[in-house]
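The block underneath contains the structure these notes are about, expressed in C-alpha coordinates.
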Amino acid sequence: MRGSRCTSATTARYTRRHNDSNILCLGYKPLGAYLCLDIVKAWVNSEFEGGRHAISVNLIRSGEEHQFKGADILSSLGESGNVRALRGHIERVYIANDHAGFEAKGRVTGILRERKIDVVDLGTESTEIVRYPYYAARAAQKVKESPGCGAVLICGTGIGMSIAANKFKGVRAALCTGESGARYAREHLDSNILCIGGKIIGQFELEDTVNTWLDTRFRENLGPVLAALNEIEDCNLQETGWKPANNI
(Lines give C-alpha, C1' and ligand atoms only; values in the text may rest on other atoms or scores of the structure.)
Protein backbone atom coordinates (compact mmCIF):
# COMPACT_ATOMS: atom_id res chain seq x y z
CA MET A 1 0.00 0.00 0.00
CA ARG A 2 1.25 3.48 -0.91
CA GLY A 3 -1.06 5.98 0.73
CA SER A 4 -0.62 9.60 -0.30
CA ARG A 5 -1.89 12.67 1.49
CA CYS A 6 -2.65 15.24 -1.19
CA THR A 7 -3.61 18.88 -0.77
CA SER A 8 -3.81 19.91 -4.42
CA ALA A 9 -4.48 18.50 -7.87
CA THR A 10 -0.78 18.95 -8.63
CA THR A 11 0.41 16.73 -5.80
CA ALA A 12 -2.27 14.19 -6.71
CA ARG A 13 -0.95 13.96 -10.27
CA TYR A 14 2.66 13.66 -9.17
CA THR A 15 2.06 10.97 -6.56
CA ARG A 16 0.35 8.81 -9.18
CA ARG A 17 3.03 9.50 -11.80
CA HIS A 18 6.07 9.16 -9.53
CA ASN A 19 5.03 7.09 -6.46
CA ASP A 20 2.40 4.80 -8.04
CA SER A 21 0.07 5.75 -5.18
CA ASN A 22 -2.84 3.35 -4.73
CA ILE A 23 -4.50 5.06 -1.74
CA LEU A 24 -5.51 8.74 -1.71
CA CYS A 25 -5.77 10.47 1.68
CA LEU A 26 -7.72 13.72 1.99
CA GLY A 27 -8.45 16.19 4.77
CA TYR A 28 -12.01 17.17 3.95
CA LYS A 29 -12.38 19.90 6.57
CA PRO A 30 -9.30 21.97 5.62
CA LEU A 31 -9.73 21.45 1.87
CA GLY A 32 -13.46 21.70 1.25
CA ALA A 33 -15.69 19.85 -1.19
CA TYR A 34 -14.63 21.50 -4.47
CA LEU A 35 -10.88 21.15 -3.91
CA CYS A 36 -11.31 17.56 -2.76
CA LEU A 37 -13.20 16.81 -5.96
CA ASP A 38 -10.43 18.36 -8.09
CA ILE A 39 -7.83 16.30 -6.23
CA VAL A 40 -9.76 13.06 -6.70
CA LYS A 41 -10.22 13.74 -10.43
CA ALA A 42 -6.51 14.46 -10.90
CA TRP A 43 -5.51 11.34 -8.95
CA VAL A 44 -7.92 9.03 -10.80
CA ASN A 45 -6.98 10.37 -14.23
CA SER A 46 -3.21 10.08 -13.77
CA GLU A 47 -1.03 7.04 -14.41
CA PHE A 48 2.30 5.81 -13.10
CA GLU A 49 5.14 6.80 -15.43
CA GLY A 50 7.45 3.93 -14.51
CA GLY A 51 10.99 4.36 -15.81
CA ARG A 52 13.39 5.77 -13.22
CA HIS A 53 10.51 6.24 -10.76
CA ALA A 54 9.95 2.48 -10.75
CA ILE A 55 13.36 2.07 -9.09
CA SER A 56 12.21 3.93 -5.97
CA VAL A 57 8.83 2.20 -5.84
CA ASN A 58 10.50 -1.21 -6.16
CA LEU A 59 12.83 -0.32 -3.27
CA ILE A 60 9.77 0.29 -1.08
CA ARG A 61 8.22 -3.00 -2.22
CA SER A 62 11.39 -4.90 -1.32
CA GLY A 63 11.26 -3.39 2.15
CA GLU A 64 7.69 -4.56 2.65
CA GLU A 65 8.88 -8.15 2.39
CA HIS A 66 10.90 -7.54 5.57
CA GLN A 67 8.37 -5.38 7.40
CA PHE A 68 4.88 -6.64 6.72
CA LYS A 69 3.57 -9.57 8.76
CA GLY A 70 0.51 -10.18 6.65
CA ALA A 71 -1.79 -10.49 9.67
CA ASP A 72 -5.52 -9.86 9.45
CA ILE A 73 -5.88 -6.37 10.92
CA LEU A 74 -9.52 -6.86 11.88
CA SER A 75 -8.93 -10.07 13.83
CA SER A 76 -5.47 -9.39 15.27
CA LEU A 77 -5.85 -6.12 17.16
CA GLY A 78 -4.68 -6.74 20.69
CA GLU A 79 -2.94 -5.10 23.57
CA SER A 80 -0.54 -2.49 22.23
CA GLY A 81 3.18 -2.58 22.84
CA ASN A 82 5.58 0.21 23.68
CA VAL A 83 4.86 3.47 21.93
CA ARG A 84 7.92 5.42 20.76
CA ALA A 85 6.82 8.83 21.94
CA LEU A 86 8.17 12.25 21.09
CA ARG A 87 6.33 14.31 23.66
CA GLY A 88 8.91 16.68 25.09
CA HIS A 89 11.34 19.23 23.74
CA ILE A 90 13.09 18.10 20.56
CA GLU A 91 16.83 18.49 21.11
CA ARG A 92 18.11 16.64 18.05
CA VAL A 93 16.72 16.42 14.52
CA TYR A 94 17.95 14.08 11.80
CA ILE A 95 17.47 15.60 8.37
CA ALA A 96 17.51 13.75 5.05
CA ASN A 97 16.54 14.53 1.49
CA ASP A 98 16.72 13.43 -2.09
CA HIS A 99 17.86 15.58 -5.02
CA ALA A 100 14.55 17.44 -5.21
CA GLY A 101 14.73 18.39 -1.54
CA PHE A 102 18.34 19.55 -1.47
CA GLU A 103 17.65 23.29 -1.72
CA ALA A 104 14.89 23.24 0.91
CA LYS A 105 17.14 21.28 3.26
CA GLY A 106 19.45 24.26 3.49
CA ARG A 107 16.59 26.47 4.66
CA VAL A 108 15.38 23.91 7.18
CA THR A 109 18.87 23.40 8.55
CA GLY A 110 19.16 27.15 9.05
CA ILE A 111 15.92 27.22 11.06
CA LEU A 112 17.06 24.36 13.27
CA ARG A 113 20.45 25.87 13.97
CA GLU A 114 18.94 29.25 14.81
CA ARG A 115 16.87 27.45 17.42
CA LYS A 116 20.02 25.80 18.85
CA ILE A 117 18.76 22.34 17.88
CA ASP A 118 21.38 19.69 17.15
CA VAL A 119 21.16 18.79 13.45
CA VAL A 120 22.46 15.53 11.99
CA ASP A 121 22.53 15.60 8.18
CA LEU A 122 22.03 12.17 6.59
CA GLY A 123 22.33 13.37 2.97
CA THR A 124 22.12 13.74 0.08
CA GLU A 125 24.55 16.57 -0.61
CA SER A 126 23.71 17.63 -4.16
CA THR A 127 20.98 17.77 -6.80
CA GLU A 128 22.29 14.62 -8.49
CA ILE A 129 19.44 12.13 -8.80
CA VAL A 130 19.16 9.66 -5.91
CA ARG A 131 16.42 7.42 -4.48
CA TYR A 132 14.34 8.79 -1.63
CA PRO A 133 13.59 5.40 0.09
CA TYR A 134 17.29 5.09 0.93
CA TYR A 135 17.28 8.35 2.87
CA ALA A 136 13.87 7.78 4.43
CA ALA A 137 15.09 4.44 5.78
CA ARG A 138 18.26 5.98 7.21
CA ALA A 139 16.28 8.63 9.09
CA ALA A 140 13.60 6.21 10.27
CA GLN A 141 16.22 3.92 11.80
CA LYS A 142 17.83 6.86 13.61
CA VAL A 143 14.49 7.97 15.07
CA LYS A 144 13.75 4.41 16.21
CA GLU A 145 17.15 4.21 17.92
CA SER A 146 17.01 7.68 19.53
CA PRO A 147 14.07 8.31 21.90
CA GLY A 148 13.12 11.96 22.07
CA CYS A 149 14.71 12.78 18.70
CA GLY A 150 12.82 13.67 15.54
CA ALA A 151 13.53 13.89 11.83
CA VAL A 152 12.70 16.07 8.84
CA LEU A 153 12.51 14.40 5.42
CA ILE A 154 12.36 16.40 2.21
CA CYS A 155 11.67 15.32 -1.37
CA GLY A 156 9.87 17.05 -4.23
CA THR A 157 6.34 16.76 -2.82
CA GLY A 158 7.07 15.08 0.52
CA ILE A 159 4.78 12.22 -0.44
CA GLY A 160 7.42 9.67 -1.40
CA MET A 161 9.33 10.26 1.83
CA SER A 162 6.18 9.88 3.92
CA ILE A 163 5.22 6.63 2.19
CA ALA A 164 8.67 5.11 2.74
CA ALA A 165 9.14 6.30 6.33
CA ASN A 166 5.75 5.06 7.51
CA LYS A 167 6.69 1.50 6.57
CA PHE A 168 8.75 1.40 9.78
CA LYS A 169 7.26 0.34 13.06
CA GLY A 170 7.32 3.17 15.58
CA VAL A 171 7.51 5.90 12.95
CA ARG A 172 4.72 8.45 12.53
CA ALA A 173 5.77 10.49 9.52
CA ALA A 174 3.43 13.39 8.76
CA LEU A 175 3.39 15.23 5.45
CA CYS A 176 2.62 18.85 6.31
CA THR A 177 2.14 21.83 4.01
CA GLY A 178 1.42 24.53 6.57
CA GLU A 179 1.04 25.56 10.18
CA SER A 180 -2.33 23.92 10.89
CA GLY A 181 -1.28 20.50 9.60
CA ALA A 182 1.98 20.61 11.54
CA ARG A 183 0.16 21.50 14.74
CA TYR A 184 -2.36 18.70 14.31
CA ALA A 185 0.36 16.16 13.47
CA ARG A 186 2.20 16.84 16.73
CA GLU A 187 -0.76 17.63 18.98
CA HIS A 188 -3.01 14.74 17.99
CA LEU A 189 -0.69 12.06 16.57
CA ASP A 190 2.68 12.73 18.26
CA SER A 191 4.41 12.79 14.87
CA ASN A 192 8.12 12.05 15.17
CA ILE A 193 9.01 12.73 11.52
CA LEU A 194 8.03 15.79 9.52
CA CYS A 195 7.88 15.39 5.72
CA ILE A 196 8.07 18.43 3.46
CA GLY A 197 7.69 18.94 -0.28
CA GLY A 198 10.70 21.02 -1.22
CA LYS A 199 9.31 21.87 -4.66
CA ILE A 200 5.80 22.87 -3.60
CA ILE A 201 6.18 24.84 -0.36
CA GLY A 202 7.19 28.49 -0.22
CA GLN A 203 9.78 29.93 2.13
CA PHE A 204 7.31 31.45 4.59
CA GLU A 205 5.13 28.34 4.67
CA LEU A 206 8.22 26.21 5.20
CA GLU A 207 9.32 28.31 8.17
CA ASP A 208 5.84 28.26 9.74
CA THR A 209 5.52 24.51 9.20
CA VAL A 210 8.89 23.62 10.72
CA ASN A 211 8.58 25.99 13.67
CA THR A 212 5.03 24.90 14.49
CA TRP A 213 6.00 21.22 14.35
CA LEU A 214 8.91 21.88 16.72
CA ASP A 215 6.89 24.05 19.12
CA THR A 216 3.79 21.86 19.47
CA ARG A 217 3.46 19.18 22.14
CA PHE A 218 1.38 16.03 22.08
CA ARG A 219 -1.85 16.31 24.06
CA GLU A 220 -1.57 13.64 26.72
CA ASN A 221 -5.35 13.26 26.97
CA LEU A 222 -5.25 11.88 23.42
CA GLY A 223 -3.11 8.92 24.48
CA PRO A 224 -5.74 6.40 23.31
CA VAL A 225 -5.27 7.70 19.75
CA LEU A 226 -1.57 6.94 19.90
CA ALA A 227 -2.26 3.55 21.45
CA ALA A 228 -4.58 2.72 18.55
CA LEU A 229 -1.85 3.59 16.05
CA ASN A 230 0.52 1.35 17.94
CA GLU A 231 -1.97 -1.52 17.82
CA ILE A 232 -2.15 -1.22 14.05
CA GLU A 233 1.64 -1.32 13.84
CA ASP A 234 1.82 -4.34 16.13
CA CYS A 235 -0.38 -6.45 13.88
CA ASN A 236 1.07 -5.27 10.57
CA LEU A 237 4.70 -4.27 10.98
CA GLN A 238 7.64 -6.02 12.55
CA GLU A 239 10.95 -4.64 13.76
CA THR A 240 13.44 -4.55 10.92
CA GLY A 241 16.88 -3.27 10.11
CA TRP A 242 16.03 -3.17 6.42
CA LYS A 243 17.37 -0.41 4.25
CA PRO A 244 17.69 -0.11 0.47
CA ALA A 245 20.92 -1.52 -0.89
CA ASN A 246 21.83 1.73 -2.66
CA ASN A 247 20.62 5.23 -3.34
CA ILE A 248 20.93 5.46 -7.11
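General observations
- Pick from segment 87-119, criterion over 17 Å from I196 (Cα atoms) and not basic (K, R), ranking: nearest to the chain's Cα centre (by Cα): I90
- Exactly one residue out of E65, E47 is out of contact with any strand residue (DSSP E or B) (no Cβ under 7 Å at 6 or more places or on another chain), at pLDDT below 90 and charged (D, E, K, R), and it is E65.
- The listed residues are I90, I154, I73, and the only one of them that is of a type outside the set (F, W, Y) and at pLDDT 95 or above turns out to be I154.
- Within segment 32-51, restricting attention to residues that are assigned to a helix (DSSP H, G or I) and touching a helix residue (DSSP H, G or I) at 6+ places or on another chain (Cβ under 7 Å), the residue that is farthest from M1 (Cα to Cα) is D38.
- Among residues that are in contact (Cβ under 8 Å) with a residue 60 or more places away in the chain, within 20 Å of I196 (Cβ to Cβ), of a type in the set (S, T, Y) and in a loop (DSSP other than H, G, I, E, B), S21 is included.
- Contact map, segment 40-66: residues that are surrounded by fewer than 15 Cβ atoms within 10 Å (Cβ to Cβ) paired with residues that are among the hydroxyl-bearing types (S, T, Y), Cβ distance under 7 Å, separation 6+ or inter-chain. Pairs shown: H66/T240.
The values are calculated or read from the model by the stated rules, or taken from the named source; none is laboratory data. These figures come from a predicted structure and were not determined experimentally. Neighbour counts run over all protein chains shown; Cβ positions are idealised from the backbone, glycine included.
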